[in-house]
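To keep things clear, I will list the structure first and then write my remarks on it.
Any read-out appearing in this document is the output of simple, stated calculations on the displayed coordinates, not a laboratory observation. None of the values given here were measured: they were computed from a predicted structure. So basically every Cβ, Gly included, is an ideal-geometry build from the backbone, and we count neighbours across all protein chains shown.
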């Protein structure tokens, strides 16, 4: 990897990365945000939907766990003439598209699980390689701004995914069109990328090295360990409301009409994303100015927790005021996530222990971003919500309280990272 002082960011790289990253998030969030909720309700009914949705989304957790560090390590060793990252981005984009097509036509829960697992597997191919290009191409002084721009891609993917769910007439179009846009965006990024080329043949890749791709030693690399845990917990809190909003509306507010569910989901998403984009751009610029990353992570996590805690209060206020409070909560969550995402990439790169294994180490860190998006609904649907319903008759309330507490712990953990402001 070139020394940071020798790096010159290619013209237009940030914009191309924006569209590539946005594309893969759009493809994933169209089903993850509401498409799968609608499909599950249609296949098993509302009563079983929380548990089944958790199982479907959780099926991707295993692939999110292993794929990013593995592909990161393999891309660090790829000697293709086209570059180290490009082949993985292309394969990931194509595989994600095919997996989502399976979801749109799945006749039963088994095929729904197969499609989502396939989409998660290949999306993590693309994300691992995409992330590594930032360290390859962008100097340290620019990473806060670039990270802030990149931090807007996930919320914009959520917004346009929700818009498609509301406006398009059937599941094939609701999820197929975002998947096609994601495919095109990633392919354009890959084909225009002046990729880093590995000119020296790497050492033989044995099984011990293969399994080392999945792990790091937190005792040896403490900063990486604390960054991983902090990120995991904050993203766990953030993911707690995104996936279950539609089912929460049906269960707690009696909104069972699919059209009305999707309409409010879109409105909430507009609020979430608007706050997210504004605070992501502000946070990236501000953190570069004061050269402090941890502050924005901590403040962002606290704002997420405050927003999540508004959800269990909302049903007691009635439909009008309760739904209004949810919109306020979405603003807090969006702003907090914007602050967090604005410095996430810059902080991640700052704690990397080995400049020659950027792809692998960023892949390990990216697990903490992607795993909560599937693990959070699995824990909610299979454990917390049923337990809360049984013990207190308030499964969703218990879930949101637990998720907020986890995000706050993540805020505290970021200050265990040493040598980074």
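Brief remarks follow.
- The Cα-based radius of gyration of the range 228-385, divided by its Kirkwood radius, gives an Rg/Rh of 1.02.
- Panel order for 78, 131, by other beta carbons found within 10 Å of each beta carbon, from fewest to most: 78, 131.
- With each label modelled as a point 7 angstrom along the Cα→C-beta vector, the residue 44-residue 409 pair spans 2.7 nm.
- In degrees, nearest ten, helix 171-192 long axis to first principal axis of the chain (Cα): 10 degrees
- Against the rule of thumb 2.2 N^0.38 Å, how large the Cα Rg of the range 228-309 comes out: 1.32
- Highest to lowest packing among 98-108, 156-166, scored as the average C-beta count within 10 Å: 156-166, 98-108
- Global geometry of the range 14-53, whether rounded, prolate or oblate, following the gyration tensor of its Cα atoms and the 1.5 cut on a/c: prolate
- The label-point distance for residue 317 and residue 389, in a model that sets each label 7 Å from Cα toward Cβ, rounds to 2.6 nm.
- Relative to the current alpha-carbon distance between residue 80 and residue 416, full extension at 0.36 nm per residue lengthens the span by 117.0 nm.
- C-alpha long axis of helix 294-310 to longest principal axis of the chain, angle in °: 10 degrees
- Neighbour-count order for 231, 289, fewest beta carbons within 10 angstrom listed first: 289, 231
- For the chain, the longest principal axis of the alpha carbon atoms and the long axis of helix 258-290 meet at an angle near 40°.
- Mean residue ellipticity at 222 nm, helices only, the chain: -25500 deg cm²/dmol; runs of at least 4 DSSP H residues each add -39,500 (n - 2.57), and the sum is divided by the number of residues.
- Extension gain, residue 199 back to residue 111 (0.36 nm per residue minus Cα-Cα distance, nm): 27.4 nm
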